[in-house]
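This report refers to the structure that appears directly beneath it.
We did not get these values from a lab; they are worked out from the coordinates using the rules stated. Predicted model, so just to flag it, every value in this text is computed and none were measured. Positions of Cβ are backbone-derived with ideal geometry, glycine not excepted, and every protein chain shown enters the neighbour counts.
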Amino acid sequence: MATNPSTYSPSQSSERKQLQQQRRRLFQETDWTRFDGRGFQQCRPAFLKTGAASAASGSAFAAFGATKVIVSVFGPRESKKAMLYSSTGRLNCNVSYTAFSTSIRGQSSDHKEYSSMLHKALEGAIILETFPKTTVDVFALVVESGGGDLPVIITCASLALADAGIMMYDLVSSVSVSCFGRNIVIDPTSEEEACQDGNLMITCMPARNEVTQVTLTGEWSTAKINEAMELCLDACSKLAEIMRSCLKEAASAPS
Amino acid sequence: MGEMEVDRADGRTASQLRPLACSRNTLHRAHGSARWSQGDTIVLAAVYGPKAGTKKGENPEKASIEVIWKPKTGHIGKLEKEYEMVLKRTLQSICLLTIHPNTTTSIIVQVLGDDGALLPCAINASCAALVDAGIPLKHLAVSICCGLTESGSVILDPTKAEEQKIQAFAYLVFPNSPLSVLSKGSSAEDDEPIEHGTITSVTHGVMPVLDYFNCLERGRAASAKISEFLRRSLESQTK
Amino acid sequence: MAAASTAGGSGGGGGGAGGFGAGDMEVEAYRRLFPLPFYERYLQNYVRPDARPLHRARDTSVALGPIASAHGSSSVKIGDTTMLAAVKLEVMTPSAEAPDEGSLAIEFHMPPICSPTVRPGRPADVAPVISKQLSDVITSSGMIDLKELSLISGKAAWTAYLDIYCLNSDGSLFDAALLSAIAAFSHLQIPLVSLNDDGRVIAVSGEQLENNSTIELVNKEKRKLSFQSIPFSLTCVLHNKYILADPTAEEESIMETFITVVLDSMGRLVSFYKPGGSVLVHSSTIKDCISLTKQRMEELQNILEDSTSAMEE
């Protein structure tokens, strides 16, 4: 975090570092309370809404605590001219952040890593054969980043795909956990993610009991991995229920 | 500062334009080109086309106009993007776009000198270059910059130093139509003659509404002079 | 929709382009194939396909404070056009030319989610142009006194970064962006700062202030910006003699001549923007557009007041 010497900003980088170390020590202990008062195995309240953007074929908005994401789906539409013929449809994903999404103002930019991870998470769930020769574009904008961004993006994107009427084998839901010493904490905030020892994210189609993506970072024991996976899968299926009821509500509401 | 008489650094009266100069066919590889200068503001415009095909997103049933702005130095920024857009839309409105459907005509604008009223100068240069390239036009267009001083008087064709000093200014584009190939303009059903209309208006700075109308009137009156100059220089070089 | 199609029907009788009568074709197909004749049938009856009279703007709503992490934020909806704006303040050293002034940095973004025509990596052509116009209008209108952003003369001043995101694009983007900018600035709460021992400016939280009454604040007052005059805008598209206020994206694409008028609260002209277009404007049209903008300004002032009072409740 190099600060430009010409700026005069109220930076407290040394204090911030101290604070982080304090937290890291705190999180190692067996018993601590999370800043938002949640239990270790308690997810943030999920707010989901479909169909906010009229310019898109389908769209969804997700707010999980401080994390707010908008996803618009365009298509199926004509593929780029340079693309070769394909008998199955194509999926194109892009994730970008707003300039004000994080506490330090950055340049709004594309997130290449998340774009490709979103693509991989969704690709297996979409029935690409139903739109040959064409492309479905899934564009996500992280309005505010408050931790657990990628799982929220994936969940929101699958809801937007459903809103656009794109054929899928099942809804895709995603949940992540952070590992601190002996503790596993579900659906971490960005403060928690900043000092985690490891992270596990699962993306799955709960109704089919199929996992489309697993990412694991940091140091884990096998037993821990099992425990974390169970937690995530259970949360995923519950999240999918919320997604389903959101879609049902939108379908039954008079448009 | 005088009430109505404005002191200008170069000794001009309020409604006096800087010396105009226009030469056509200055570039050999372009399909048409023109160099237009108003005092030390000099712009070179080159026209390439019509070339086959339009870009994605453009209406293929019409000819497409593309404007590329080349600043004197440095990179193209937001200001140049705005100039490109205003220039493109202004030229679109004077070209007969239905004659060459599904083609693209590129206008490249190279700034050689900027001493105020840059966009009007570029519009005048592009218009002359379009004529030079033989692109079918509904009518000619002439552009002028009207400045509004702190005392509320209008000065025409301000220099860069004047532009920075004045309260507000307006870039205006008027049609020059008495010899139009169209017997009736699209707005001929209006009672007002076509040359009283405004094609383009871009303003900077706050001004009372009345002063804007004043600018329009003064600009339109002066545009007749530029029109006449443009016509004369086009005719003299077509022989 | 039902009301609109009856209006179209009553326009009736011949005039169908390309040899088709309207009756031979579904309304939606006719609308797509012959957009201009479709619109002209409505315009004859002084109504638009969305049942609006020509001079009426779409429903407009303003919400303050949607972005918790920003110092000021707003979301604005004009019809289906949605904008999200946030202001973040950072302390900078003021420039030598203006030691008593802060600065503004305004950026308008059109992310790919907002419209089918924007693709990642290829920004929309209009985004930088709207960015520039917003900067010009906000700066030249004198809405924000940059001196109010000064903290310590010559040493520290705020730079206000205003980022506006178009979340859904359906016409009149500049109007919605300007309204969201004004709303975000009116919601702006300048954070309290004090000097630390090294002479650096640091933020002070409310908690710190309660615990330690010896903290000397640099900016005890001046927590809100006082607006000198506020610019309001209205975009109209022109077609023949018709003036359509607050056009949708469809209307903008079919009738390509548009005018954006910006007036300030004192009724002065901040900008009269008409970039080309096939329709020429005469002074009567200019006057009409200016008076429509005046009417719109009153509407917008009320909407803004309502949003601030809704915030305070």
Fill in: Cα centre as origin, Lys/Arg/Asp/Glu Cβ charges: the range B:1-151 dipole, Debye
800 debye
Worksheet item: Taking only C-alpha pairs under 8 Å that are 6+ residues apart, what is the relative contact order of the range C:60-229 in percent?
Response: 30 percent
Discussion item. If Rh is defined by the Kirkwood formula over all Cα pairs and Rg also comes from Cα, what ratio Rg/Rh do you get for the range A:41-178?
Written reply: 0.98
Practice prompt. Of the options A:71, A:22, A:121, report the single residue whose Cα projects farthest towards the positive end of the charge dipole of chain A (beta-carbon charges: Lys, Arg +1; Asp, Glu -1).
Written response: A:71
Practice prompt. Using label points projected 7 Å from each Cα along Cα→Cβ, tell me how many nm separate residue A:112 and residue C:301, to one decimal.
Written response: 5.2 nm
Worksheet item: When the dipole is taken about the Cα centre of the protein assembly as shown, and only Lys, Arg (+1) and Asp, Glu (-1) are charged at their Cβ, what size is it in debye, to the nearest 20?
Response: 2060 debye
Worksheet item: Over all directions, what mean area does the Cα convex hull of the range C:228-272 project, stated in square nanometres?
Response: 3.4 nm²
Discussion item. I'd like the Kirkwood hydrodynamic radius of the range C:60-229, using the inverse of the mean 1/r over distinct C-alpha pairs, in Å.
Written reply: 17.1 Å
Worksheet entry | Unmatched cysteines, chain C - criterion: no other Cβ of a Cys under 4.7 angstrom | C:236, C:289
Worksheet item: Dividing the alpha-carbon radius of gyration of chain A by 2.2 N^0.38 Å (N being the number of residues), what value is obtained?
Response: 1.07
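Using the alpha carbon gyration tensor of the range A:216-255, what are the three equivalent-ellipsoid semi-axes (square root of 5 times each eigenvalue), largest first, in whole Å?
One finds semi-axes of 35, 9, 4 Å for the range A:216-255.
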Worksheet, complete the sentence: Fewest to most Cβ atoms within 10 Å: B:6, B:109, B:67 sort as B:6, B:67, B:109
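Equivalent-ellipsoid semi-axes (√(5λ), Cα gyration tensor) for the range B:23-83, whole Å, largest first?
With the √(5λ) rule applied to the range B:23-83, the semi-axes are 24, 18, 9 Å.
I'd like the Kirkwood hydrodynamic radius of the range A:74-140, using the inverse of the mean 1/r over distinct C-alpha pairs, in Å. Before the final figure, lay out the partial values.
Values: mean 1/r = 0.0758 Å⁻¹.
This gives a value of 13.2 Å.
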Item to complete: Please provide three numbers in whole Å: the alpha-carbon extents of the range C:55-99 along the principal axes, with the largest listed first.
Response: 48, 28, 12
Practice prompt. Once you've got the GNM for chain B with C-alpha springs shorter than 10 Å, pick whichever of B:76, B:107, B:42 has the biggest mean-square fluctuation.
Written response: B:76
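Compactness ratio of chain B: Cα Rg over 2.2 N^0.38 Å, N = residue count?
Dividing the Cα radius of gyration by 2.2 N^0.38 Å gives 1.00.
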Practice prompt. May I ask for the Kirkwood hydrodynamic radius of the range C:104-189, worked out over all distinct Cα pairs and given in angstroms to one decimal?
Written response: 14.1 Å
Discussion item. Tell me the angle of helix C:173-187 to the major Cα principal axis of chain C, expressed in degrees between 0 and 90 and rounded to the nearest ten.
Written reply: 30 degrees
Worksheet item: On alpha-carbon atoms, Rg over Rh for the range B:49-134 using Kirkwood Rh?
Response: 0.98
Worksheet, complete the sentence: Result: in the range A:46-252 the number of Lys pairs with C-alpha under 13 Å apart, spaced 8 or more or on different chains, is 5
Worksheet item: What are the principal axis extents of the Cα atoms in the range A:167-255, in Å, biggest first?
Response: 50, 27, 17
Response to the item:
Measuring from its Cα centre, the range A:46-252 shows a charge dipole (+1 at each Lys and Arg Cβ, -1 at each Asp and Glu Cβ) which, in debye to the nearest 20, is 700 debye
Fill in: Proximal aspartates and glutamates to residue C:88, defined as alpha-carbon separation beneath 15 angstrom and excluding residues fewer than eight positions away on the same chain
A:144, C:107, C:163
Item to complete: Find the Rg to Rh ratio for chain C, where Rh is the Kirkwood radius over alpha-carbon pairs and Rg uses the same atoms.
Response: 1.07
Worksheet item: Kirkwood Rh over Cα pairs of the range B:107-159 into Stokes-Einstein at 25 °C, 0.890 mPa s: D in µm²/s?
Response: 194 µm²/s
Practice prompt. Output the peptides C:117-129, B:115-127 sorted from most to least packed, where packing is the average of other Cβ atoms within 10 Å over each peptide's residues.
Written response: B:115-127, C:117-129
Worksheet entry | chain C, relative contact order [Cα under 8 Å, separation at least 6], % | 17 percent
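May I ask for the percentage of alpha-carbon pairs in the range A:106-161 that lie more than 16 Å from each other? Write down the numbers at each step before the final one.
Values: 704 of 1540 pairs.
Of the Cα pairs, 46 percent sit more than 16 Å apart.
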Item to complete: Pop the C-beta distance of residue A:217 and residue A:241 into the FRET formula with R0 = 30 Å and round what comes out to the nearest 0.05.
Response: 0.60
Fill in: Unsatisfied cross-links (Cα-Cα over 27 Å) in the set B:78/B:225; B:56/B:78; B:51/B:88
B:78/B:225
Worksheet item: If you wrap the protein assembly as shown's Cα atoms in a convex hull and average its projection over all directions, what's the area in nm²?
Response: 39.4 nm²
Practice prompt. With everything on Cα atoms, drop me the angle between helix B:209-238 and the longest principal axis of chain B, reported from 0 to 90° to the nearest 10.
Written response: 50 degrees
Worksheet item: Relative to the longest principal axis of chain B, what angle (0 to 90°, nearest 10) does the C-alpha long axis of helix B:78-94 take?
Response: 60 degrees
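Could you calculate the FRET efficiency of residue C:240 with residue A:20 from 1/(1 + (r/R0)^6), where r is the beta carbon distance between them and R0 is 51 Å, rounded to 0.05?
0.20
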Practice prompt. Select from A:36, A:170, A:149 the residue whose mean-square fluctuation is largest in a Gaussian network model of chain A (Cα-Cα springs shorter than 10 Å).
Written response: A:36
Fill in: residue B:68/residue A:169 FRET efficiency (R0 45 Å; Cβ-Cβ; nearest 0.05)
0.40
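Report, in deg cm²/dmol and to the nearest 500, the calculated mean residue ellipticity at 222 nm for chain B, where each DSSP H run with n ≥ 4 adds -39500 (n - 2.57) and the sum is divided by the residue count.
Calculated mean residue ellipticity at 222 nm is -9500 deg cm²/dmol.
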